[in-house]
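Report on one structure; see the data block that follows.
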Amino acid sequence: MKIIETSSTSPAKLKAQEREWIYNGLDACVTMEVLDALLPQLDSLTGSTYAFSRALQGPVLEMRLRGIRINQSRKADVIQQYMEDLSVLECNLERIVGEGLGLWGFNWRSNRDLIELFYDRLGIPIIRKQGRPTVNREALEKMEAYYIARPIVSHLTKMRELAKRISVLKTEIDNDGRIRTSYNIAGTETGRFSSSFSEFGTGTNLQNIEDSLRSVFIADPGYKMAYLDAEQGESRCVGAIEWNLFHDPRYLDACESGDLHTQVSKLCEPTTFPWTGDPMEDRKIAELEYYRHYSLRKLCKSIGHGTNYKGGPSTLHKMYKVPEQLIRDFQPKYFAAFPAHLQWHAHVQRTLRQEGKLVSLTGRLRHFFGRRDSDETLRAAIAYDPQGSLADIVNQGMLRVWQARDCQLLMQNHDAIVVQYPEEEEDEIVPKILKQLRYPIELRYGRELITPYGCKTGWNFGEHSAENVDGLKEYQPNDQRRRSPEVGILDRKFHSIHRKLRSA
C-alpha cells in the first residue's frame with residue numbers, strides 16, 4: 001500500500017485517485033477522533049440511543065440499496081393526466097386574467113406577474129414576508145378572504161399542487177427502473193428519519209409521497225407488497241404519557257377502545273346524539289353532519305390531533321381549513337373530556353423552563369436550546385415525546401422485521417413501513433410480520449403500551465379501487481386477487497425468468 005505524507009505533499013502533484021485516497025483516509029481519521037471524544041460522554045440514556053441508531057444502519061442501508069420498483073407505463077399515464085388537467089386550468093386562468101383584467105401574457109409561475117396581478121390590478125393590501133411583498137401559500141390563503149381574488153387563488157392553488165405532483169413523478173430514477181432515497185437516521189431532533197435524494201443524485205424524499213402518486217410504486221415480479229401502519233400511534237403515546245404522569249386513563253382508554261375518534265365524539269357530545277353503545281352503529285352516528293358539512297368524527301380526528309400539541313384556533317384553522325369558530329366551540333369540550341391534556345402541557349412547560357430537557361417514553365433524551373419561554377420552543381417540546389416515542393417504537397419493530405428476514409424492507413414512512421414478500425407465502429408471512437412489529441412499552445402502575453398495526457396488501461402502493469385493482473387493500477387471509485398482467489415486454493420477460501429461478 002502506498003504511503004503519502006500529507007504534511008509535505010502538494011495536492012497539485014497528486015493524481016486524482018490519490019487525492020480521493022487522502023480525502024477518504026482523513027475523513028475516517030477525523031471521524032475516529034470525534035468518536036473517541038464523544039464516547040466517554042455517553043451515559044445510560046444517550047448510550048442506549050446511540051447503540052439503537054447504530055443497529056438501524058443495517059435495515060436503512062438495505063432499503064437504500066434496494067429501492068423500490070417504478071411502473072414506467074403507469075407513471076407516464078399519471079403524468080399525462082396531470083399535464084392535461086394543468087393545461088385546462090391554465091387556459092381558464094388566462095381567460096379570467098386576460099378578459100377580466102386585460103393582463104394578457106400573464107405567467108402564473110412568475111412572482112413578478114403575481115405581485116402585479118394581486119397588488120396592482122386587484123388592489124389587495126400588500127402581504128409581506130421579511131419586508132418584501134409575497135405571494136406564497138400563506139399569502140394566497142389570506143387573499144381568499146377577498147371575493148374578487150377567490151377564483152384566481154383557487155386556480156393557482158390547484159395548479160401549484162399539480163405542478164408539484166408532476167415534478168415528483170419526473171424525479172430521475174436509476175437505470176434499473178427503481179427509485180431510491182437516502183435515509184438519515186439522525187436527521188431530526190425527535191428520532192424520526194428524514195430522507196432525500198440518493199447518493200447518486202437520483203430519487204427523492206419517499207416518506208411523504210401523496211396518495212394520488214403512490215400507484216406508480218410497485219412490488220417486484222413474484223412479490224406482493226404490505227403497508228403496515230401504526231394505528232393512532234402518536235395519540236396512544238400521548239395517552240401513555242398522561243397515564244404515567246397523572247395516573248389518568250381517559251385518553252389512553254379512548255385510544256384502546258378500537259375507534260379513538262368515535263370514542264372522543266361520544267365524550268365531547270354525550271347527549272347531542274343517540275349513542276347506542278354498539279361500536280359500528282356509533283361510528284355511523286359520529287359520521288353524521290355536525291357543523292355545516294363536517295361530521296363530529298372528522299372534527300375530533302383533525303382538530304383533536306392538533307389540539308394535543310397545543311394548537312390554537314387560528315393555527316388549526318390554517319392547518320386544517322376548518323372554520324375558526326368551530327375550533328373555538330370544540331376545544332373547551334375536548335379539554336373537559338380529557339383534562340390531563342392541559343396538565344401535560346403545563347408539566348412540559350415547567351420542565352422545559354427548569355431543566356431545558358425532556359426524556360421520552362422510550363428513553364430518548366433531548367436538550368432544547370431555543371428560548372425556553374417562547375411558544376415555538378414549547379410546542380416543539382410538547383410534540384417531542386409522542387413523535388419521538390412513536391418513531392422509536394416503529395423503528396424497533398422494523399429492526400425486528402429486518403432481523404427475521406421473512407420479507408424485504410422497501411420503505412420507512414415515519415409511522416409505517418412498506419415490505420414485500422413472495423406472494424404465494426402471504427398468509428404465512430404477514431402474521432409473522434405483525435408479531436415482529438409488536439414492541440411493548442412498560443408503563444407505571446402495571447400498565448403496558450402496545451401499539452397495534454393495520455395491514456394493507458397489494459401489488460402497488462396506491463389504494464385499491466375500481467381503477468387500481470392492484471392497490472392496497474385491508475389484509476384478509478386467503479386473498480383471491482391476482483396481479484394484473486405486466487404491460488411491458490421486458491417486465492414479462494423478467495417475470496418469467498424470476499419464476500423459473502424461484503422454482504428451480
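The values are calculated or read from the model by the stated rules, or taken from the named source; none is laboratory data. For clarity, every value in this text was computed on a predicted model and none was experimentally measured. Note that each Cβ is placed from the backbone with ideal geometry, even for glycine, and that neighbours are counted across all protein chains shown.
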* Evaluation of Ser44 against (1) surrounded by 10 or more Cβ atoms within 10 Å (Cβ to Cβ); (2) without any contact (Cβ under 8 Å) to a residue 60 or more places away in the chain (one fails), failing number -> (1)
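For the condition under 18 Å from Lys456 (Cβ atoms) and either modelled with pLDDT of 95 or more or touching an Asp or Glu at 6+ places or on another chain (Cβ under 7 Å) (or both), what is the one hit in Gly239, Gly233?
Working: Gly239 fails: under 18 Å from Lys456 (Cβ atoms).
Unique residue meeting the criteria: Gly233.
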* **Unmet requirement for Glu172, which otherwise passes all of (1) part of a helix (DSSP H, G or I); (2) over 30 Å from Ile127 (Cβ atoms)** => (1)
* To do: Check whether at least one residue in the stretch 410-419 is more than 23 Å from Ala391 (Cα to Cα), in contact with an Asp or Glu (Cβ under 7 Å, 6 or more places away or on another chain) and not in a helix (DSSP H, G or I), and report yes or no.
  => no
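With under 29 Å from Ile393 (Cα atoms), surrounded by 13 or more Cβ atoms within 10 Å (Cβ to Cβ) and at pLDDT below 95 as the only criterion, which of Gly471, Gly454, Gly462, Gly458 stands out?
From the options Gly471, Gly454, Gly462, Gly458, the qualifying one is Gly462.
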* Asked: Any chance the stretch 360-372 includes a residue that's surrounded by fewer than 18 Cβ atoms within 10 Å (Cβ to Cβ), of a type in the set (Gly, Ala, Ser) and under 23 Å from the mean Cα position of the chain (by Cα)?
  -> yes
* Structure fact -> Across the stretch 271-300, the tally of residues that are loosely packed, with under 12 Cβ neighbours inside 10 Å, farther than 26 Å from Lys321 by Cα and of a type outside the set (S, T, N, Q) stands at 4
* To do: Among the numbered conditions (1) in a helix (DSSP H, G or I); (2) without any contact (Cβ under 8 Å) to a residue 60 or more places away in the chain, tell me where Pro125 comes up short.
  => (1)
* Hey, any hits in the stretch 108-116 for a residue that's part of a helix (DSSP H, G or I), at pLDDT 90 or above and among the aromatic types (Phe, Trp, Tyr)? -> no
* Structure fact -> Checked against (1) surrounded by 15 or more Cβ atoms within 10 Å (Cβ to Cβ); (2) on the phi < 0 side of the Ramachandran plot, Asp174 satisfies every condition except (1)
* To do: Return yes when Gly191 is on the phi > 0 side of the Ramachandran plot and either assigned to a loop (DSSP other than H, G, I, E, B) or small (Gly, Ala, Ser) (or both) and no when it is not.
  => yes
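Would you mind finding the one in Val78, Val153 that is within 30 Å of Ile218 (Cβ to Cβ), outside the structural domain of Asn460 (by TED's automatic domain parsing) and β-branched (Val, Ile, Thr)? Let's see the steps before the verdict.
Working: Val153 fails: within 30 Å of Ile218 (Cβ to Cβ).
The match here is Val78.
Residues of the stretch 376-411 being acidic (Asp, Glu) and in contact (Cβ under 8 Å) with a residue 24 or more places away in the chain, which ones?
Answer for the stretch 376-411, where residues must be acidic (Asp, Glu) and in contact (Cβ under 8 Å) with a residue 24 or more places away in the chain: Asp385, Asp392, Asp406.
Quick one: which helices (runs of 4 or more DSSP H) sit completely within the stretch 1-88 and have at least 1 residues that are basic (Lys, Arg) and touching a helix residue (DSSP H, G or I) at 6+ places or on another chain (Cβ under 8 Å)?
Values: elements: 16-38, 44-55, 57-66.
Where helices (runs of 4 or more DSSP H) fall fully within the stretch 1-88 and carry at least 1 residues being basic (Lys, Arg) and touching a helix residue (DSSP H, G or I) at 6+ places or on another chain (Cβ under 8 Å), they are 16-38.
I need the helices (runs of 4 or more DSSP H) fully contained in the stretch 285-357, keeping only those with at least 1 residues that are farther than 22 Å from Arg250 by Cα and acidic (Asp, Glu). Give the derivation first.
Details: elements: 296-308, 313-320, 324-337, 340-355.
Passing ranges, in order: 324-337, 340-355.
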